[in-house]
Each structure stands twice: as structure tokens, then as C-alpha cells.
Amino acid sequence: MKTYATLHQLRLVGKGWEIRRYLQDALRQTARNVRLTDYLEGNPSRGVRSKHASRAQ
């Protein structure tokens, strides 16, 4: 699976189960009500950047 993350966009390329697992892991590592923009910015008050999102290629 490939992950491309920018300031305002998250692109996941892979099989359905890989994408579901990535999103479930990201949700476990952040606040439940975090917005995508806060997640991508790595805003600590709203959510924590996933270890996966930092692997942008």
C-alpha cells in the first residue's frame, strides 16, 4: 500500500482491506472527532499525526 500525504490531502492506494486497516489504525491513534485537515497538519490539540502519514512518498 502507498500513502501520499500533503497539507490538505491524503491519498491511499492499495487494496480495500489495506485502506480500511490504515484508517482504523489512524483512528486509534487520534481523537475520535479529529478532522482530516487537523490530522494532516499534525495538530496536537486535535489529533496526532499517524506514523503512516509521515511516510509520504
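Going by what's in this entry, would Ser50 be described as part of a helix (DSSP H, G or I) and at pLDDT below 75? Show your work before the answer.
Working: part of a helix (DSSP H, G or I): no; at pLDDT below 75: yes.
Against the criterion (part of a helix (DSSP H, G or I) and at pLDDT below 75), Ser50 does not qualify.
Of everything in segment 8-46, what is assigned to a loop (DSSP other than H, G, I, E, B) and within 11 Å of the chain's Cα centre (by Cα)? Give them in sequence order. Walk me through it before giving the result.
Restricting attention to segment 8-46, the residues satisfying the condition of being assigned to a loop (DSSP other than H, G, I, E, B) are 8-9, 14-15, 29-35, 42-46.
Those that are assigned to a loop (DSSP other than H, G, I, E, B) and within 11 Å of the chain's Cα centre (by Cα): Gln9, Gln29, Thr30, Val34, Arg35, Gly42.
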- prompt: For segment 19-36, how many residues meet the condition of being surrounded by 14 or more Cβ atoms within 10 Å (Cβ to Cβ) and of a type outside the set (A, V, I, L, M)?
  reply: 4
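Table: residues versus (1) among the aliphatic types (A, V, I, L, M); (2) modelled with pLDDT under 80.
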{"residue": "Thr3", "(1), (2)": "no, no"}
{"residue": "Gln9", "(1), (2)": "no, no"}
{"residue": "Val13", "(1), (2)": "yes, no"}
{"residue": "Ile19", "(1), (2)": "yes, no"}
{"residue": "Tyr22", "(1), (2)": "no, no"}
{"residue": "Tyr39", "(1), (2)": "no, yes"}
{"residue": "Asn43", "(1), (2)": "no, yes"}
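The values are calculated or read from the model by the stated rules, or taken from the named source; none is laboratory data. Just so we're clear, the structure is a prediction, and the values are computed from it rather than from any experiment. We place every Cβ from the backbone using ideal geometry, glycine too, and count neighbours over all the protein chains shown.
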